[in-house]
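Undergrad: Structure below; questions to follow.
The values are calculated or read from the model by the stated rules, or taken from the named source; none is laboratory data. Keep in mind that this is a model prediction, so the values were computed, not measured. Virtual Cβ from ideal backbone geometry, glycine too; neighbours counted across all protein chains shown.
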């Protein structure tokens with residue numbers, strides 16, 4: 001079965017061809033705004049035009065229905081090793097959602113380490129991988145990051161990653177699919193990594 | 001009852017007054033005993049299930065009183081035994097009538113409110129307070145045996161007129177019960193009574209004596225507050241108190257000191273990189289930080305040269321926190337980058353086990369007695385004060401604070417009372433909370 005984004009891309013291409021045949025190039029470009037493509041469901045193109053308001057299911061680039069992996073702040077943004085990042089700006093965070101410095105100590109907005117009531121520095125909270133550690137602890141499955149696809153979001157290349165396991169149920173509670181997982185694993189939940197590469 | 005307590009039945013006015021007085025006293029006492037019993041039973045049962053049951057019962061009762069739901073009430077469809085008036089002496093039957101009506105469930109129940117009050121007394125879990133509240137029920141019973149005839153010599157006629165004007169009572173009762181549902185529902189979700197004790201942090205408790213650290217005018221001090229009328233004692237500069245009866249251990253710039261706080265006399269001094277004392281005299285646990293490692297040490301300070309026993313060790317980037325020592329048990333946390341754990345060591349058997357272990361959350365700041373342990377679990381959505389009976393798998397949440405701006409911090413535990421620091425890093429405000437469970 002074709003992936004939904006494939007079907008939508010084909011529909012967008014068909015529509016654009018029909019529109020272009022009846023317009024000048026300038027008027028064609030003028031009319032082929034993101035709103036029109038969003039209406040036709042051209043997810044990939046619409047994301048490039050209006051990445052922040054993609055019609056993806058819950059974050060830009062993700063148009064399947066699998067839910068996000070467990071995460072501290074509501075969106076499963078990770079660094080290249082799978083550790084949590086603050087979704088708004090990619091700042092490293094610990095498992096409690098607090099921004100941390102390069103050594104893992106929780107800091108405030110000005111970058112100063114947080115202190116306890118007696119002035120001592122607060123201890124470093126755990127900072128572990130959303131797929132391998134969080135998912136395994138909560139669901140007792142052997143989750144690993146496998147498979148990825150790429151989208152242009154916010155003008156930069158976003159890598160969407162499947163957290164794969166042998167579980168026949170995904171984080172949503174219903175049946176899991178193979179997706180981009182391999183070695184018999186199935187998609188349990190999804191995460192994303194923003195590369196910073198322009199697109 | 002209005003027809004019973006008359007001069008004709010009692011013999012004359014004097015016995016009538018005696019009968020009414022004994023009736024009222026017995027009703028009060030019986031109600032109070034019922035309340036105390038319910039409160040005592042409630043203190044043994046978990047507060048949370050009792051609160052939920054009470055709220056649910058109040059809801060059903062409100063629907064019943066409003067005429068929406070037909071619900072039979074458990075009741076004894078009897079009146080007080082009339083023959084007692086002829087078979088028993090006046091003091092006995094009048095007191096017997098009072099006790100019977102004061103208990104509530106031995107006679108008719110026209111409204112459901114009585115049973116809701118019973119459920120609420122269970123949820124309250126405090127015998128004295130429940131006794132006081134139920135005594136009011138007994139007082140009401142006594143009042144209604146006397147008041148209707150206060151302007152009218154014909155008691156039954158007075159009661160009939162009263163009943164005729166009481167059409168608003170069921171609706172008012174339904175409203176009051178609805179209010180009871182709301183109040184019971186918003187009672188602390190963890191089923192524990194939480195009270196703020198004011199500024200301070202790092203509580204330490206032994207019985208009813210509480211010690212805490214505080215910063216006043218930039219100076220760190222420890223305040224020891226015994227129950228009234230004993231005066232409060234202050235030690236300065238001092239931090240991280242640990243309390244055991246008359247002994248107080250605290251941390252200062254030189255290391256750790258142990259004093260008799262009642263007489264302000266020093267007992268022991270440990271100079272060096274020592275901090276976070278925990279005291280169960282003569283045992284003292286503390287953290288020794290040599291720069292590269294943090295070690296949890298246990299020592300017998302009654303000896304001139306105490307042997308130090310290293311219980312746990314981590315690299316300095318990790319954290320062993322503030323240990324707890326009580327009832328033959330030593331508890332501590334271990335927080336590393338890859339996770340956190342709470343450990344308890346049984347000093348008699350030298351067996352240690354992990355109460356809680358996680359790769360995700362931050363488990364911290366345990367306090368322990370011979371039977372229970374409390375600690376704080378930190379998550380992104382807030383911090384939770386957890387409690388567990390030692391040897392049980394079940395964990396109970398005593399209270400929680402939502403969000404990341406304010407968090408629960410260090411704890412103390414004595415009997416069925418926990419203390420916890422509530423800390424807001426941005427405003428540097430800290431308060432000690434007391435949690436009864």
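Undergrad: Report yes if residue B:412 is under 23 Å from the mean Cα position of the chain (by Cα), part of a strand (DSSP E or B) and closer than 30 Å to residue A:107 by Cα, otherwise no. Break it down into steps so the answer makes sense when it comes.
TA: Values: under 23 Å from the mean Cα position of the chain (by Cα): yes; part of a strand (DSSP E or B): yes; closer than 30 Å to residue A:107 by Cα: yes.
Considered against the rule, which asks whether it is under 23 Å from the mean Cα position of the chain (by Cα), part of a strand (DSSP E or B) and closer than 30 Å to residue A:107 by Cα, residue B:412 comes out as yes.
Undergrad: Moving to a separate point now. So, residue B:189, is that one modelled with pLDDT of 75 or more and under 33 Å from the mean Cα position of the chain (by Cα) or not?
TA: When the stated conditions are applied, residue B:189 does not pass them.
Undergrad: Moving on. What single numbered condition from (1) more than 14 Å from chain A (Cβ to nearest Cβ); (2) closer than 22 Å to residue A:120 by Cα; (3) buried (at least 16 other Cβ atoms within 10 Å of the Cβ) fails to hold for residue B:251?
TA: Only one criterion is unmet by residue B:251, namely (1).
Undergrad: Now for a different question. Restricting to strands (runs of 3 or more DSSP E) lying wholly in segment A:116-199: which have 2 or more residues that are more than 16 Å from the chain's Cα centre (by Cα)?
TA: A:186-198
Undergrad: Suppose we keep only residues that are part of a strand (DSSP E or B), under 29 Å from residue A:172 (Cβ atoms) and within 14 Å of chain B (Cβ to nearest Cβ) within segment A:62-115. Which one would you say is modelled with the lowest pLDDT?
TA: A:68
Undergrad: For segment B:423-432: of the residues being surrounded by fewer than 21 Cβ atoms within 10 Å (Cβ to Cβ) and either within 9 Å of chain A (Cβ to nearest Cβ) or in contact with a strand residue (DSSP E or B) (Cβ under 6 Å, 6 or more places away or on another chain) (or both), which is nearest to residue B:379 (Cα to Cα)?
TA: Ranking the qualifying residues of segment B:423-432, first place goes to B:425.
Undergrad: Follow-up. Could you tell me how many of the residues in segment A:120-140 are more than 8 Å from chain B (Cβ to nearest Cβ) and surrounded by fewer than 19 Cβ atoms within 10 Å (Cβ to Cβ)?
TA: Our first condition is that a residue be more than 8 Å from chain B (Cβ to nearest Cβ); within segment A:120-140, this holds for A:120-121, A:129-132, A:135, A:139-140.
Checking the rest, the ones that are also surrounded by fewer than 19 Cβ atoms within 10 Å (Cβ to Cβ) come to A:120-121, A:132, A:139-140.
Total meeting the criteria: 5.
Listed here are the residues, each with its yes/no results for (1) in contact with a helix residue (DSSP H, G or I) (Cβ under 7 Å, 6 or more places away or on another chain); (2) more than 10 Å from every other protein chain (Cβ to nearest Cβ); (3) more than 26 Å from residue A:139 (Cβ to Cβ); (4) modelled with pLDDT of 95 or more.
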residue: B:349; (1), (2), (3), (4): no, yes, yes, yes
residue: B:357; (1), (2), (3), (4): no, no, no, yes
residue: B:404; (1), (2), (3), (4): no, no, no, no
residue: B:409; (1), (2), (3), (4): no, no, yes, yes
residue: B:420; (1), (2), (3), (4): no, yes, yes, yes
residue: B:434; (1), (2), (3), (4): no, yes, yes, yes
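Undergrad: Sticking with this structure for a sec: Does segment B:225-233 contain at least one residue that is within 14 Å of another protein chain (Cβ to nearest Cβ) and either on the phi > 0 side of the Ramachandran plot or free of Cβ contacts under 8 Å to residues at least 40 places away in the same chain (or both)?
TA: no
Undergrad: Go through segment B:376-399 and give me each residue that's in contact (Cβ under 8 Å) with a residue 40 or more places away in the chain, away from chain A (no Cβ under 14 Å) and assigned to a strand (DSSP E or B).
TA: B:385, B:387, B:396, B:397, B:398, B:399
Undergrad: Next up: I need the full set of residues from segment B:1-19 which are part of a loop (DSSP other than H, G, I, E, B) and over 16 Å from residue B:81 (Cα atoms), in order please.
TA: In the first step, residues of segment B:1-19 are kept if they are part of a loop (DSSP other than H, G, I, E, B); the result is B:1-6, B:11-12.
Across segment B:1-19, the qualifying residues are B:6, B:11, B:12.
Undergrad: Any chance segment B:365-373 includes a residue that's surrounded by fewer than 24 Cβ atoms within 10 Å (Cβ to Cβ), over 22 Å from residue B:203 (Cα atoms), in the same structural domain as residue B:202 (by TED's automatic domain parsing) and at pLDDT 95 or above?
TA: No, there is no match, as no residue in segment B:365-373 is surrounded by fewer than 24 Cβ atoms within 10 Å (Cβ to Cβ), over 22 Å from residue B:203 (Cα atoms), in the same structural domain as residue B:202 (by TED's automatic domain parsing) and at pLDDT 95 or above.
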